[in-house]
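Below is one structure, written out as structure tokens, with a few remarks after it.
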Amino acid sequence: MGRVIPRVKAGLLGLRAVDRLRYRLKPEMGTEEVAGVLELMDSAGIEAWVAGGWAVDALAGRRTRKHLDLDLVVADLDIARAEAALERDGFESVHREFVEVAGLPLSLVWAHRDGRKVDLHPVDLDEPAFAGTEASCEGRVGERTVRVLCPELQLAYRAGYSHTAADDHDVAQLRKLTKGP
């Protein structure tokens, strides 16, 4: 029985190593790609707020990790126009998911054949969380000033679901920014 535990433990470590390798091999969403998507939204007249890992880095003022996608919060009334803009730019809808316990429960994932991924999160801007000015802050992605979800709201939205290593990293960065526990 003493041998089973080391084998199971080694197997789990092996899976983590495979996950890390897969993560390293996935195409990255860089600063230029983020700027391009944000310009696409601007040209369609859509106000988008950066969320997720890129929002954390925008608030920190620097890249703190690799990003595989760009999370954008968009008014639910603008979601059809946002999707149409992505489609015109060559993106395809690849996944739609509703996670009731997530702070941004609806996730509409769009991918481009060049590796870019955009995860749209439609929200009702009349909800109390978004109605106040505290919901958004300014950050920087490269040379561009962007609107991002405030750190407190991002921390609240990351509660209630299982975290990946990237989520844990982002939470630690957000806590540093808010000086919270």
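The values are calculated or read from the model by the stated rules, or taken from the named source; none is laboratory data. Keep in mind it's a predicted model, so treat the numbers as computed, not measured. All Cβ positions, even for glycine, are placed from backbone atoms using ideal geometry, and neighbour counts span all protein chains on display.
Take the residues in segment 76-92 that are of a type in the set (D, E, K, R) and assigned to a helix (DSSP H, G or I), then tell me which one is modelled with the lowest pLDDT. Ranking the candidates gives Asp76 first. Sort out which residues of segment 148-181 are polar (S, T, N, Q) and part of a helix (DSSP H, G or I), and write them in order of number. Residues satisfying the conditions are Gln154, Gln173, Thr178.
Condition test on Arg96, is it in contact with a strand residue (DSSP E or B) (Cβ under 6 Å, 6 or more places away or on another chain), under 13 Å from Gly52 (Cα atoms), among the basic types (Lys, Arg) and modelled with pLDDT of 90 or more? Considered against the rule, which asks whether it is in contact with a strand residue (DSSP E or B) (Cβ under 6 Å, 6 or more places away or on another chain), under 13 Å from Gly52 (Cα atoms), among the basic types (Lys, Arg) and modelled with pLDDT of 90 or more, Arg96 comes out as no.
A search for C-beta distances below 9 Å between a residue of segment 113-131 that is closer than 13 Å to Met29 by Cα and any residue that is surrounded by fewer than 16 Cβ atoms within 10 Å (Cβ to Cβ) and among the basic types (Lys, Arg), counting only pairs 6+ apart in sequence or on different chains, returns Gly115/Lys26. Looking only at segment 138-181, residues that are surrounded by fewer than 15 Cβ atoms within 10 Å (Cβ to Cβ), closer than 17 Å to Met29 by Cβ and touching an Asp or Glu at 6+ places or on another chain (Cβ under 8 Å) come to 1 in all.
Please indicate, with yes or no, whether at least one residue in segment 109-123 is at pLDDT 95 or above and touching a His at 6+ places or on another chain (Cβ under 6 Å). Yes: one or more hits.
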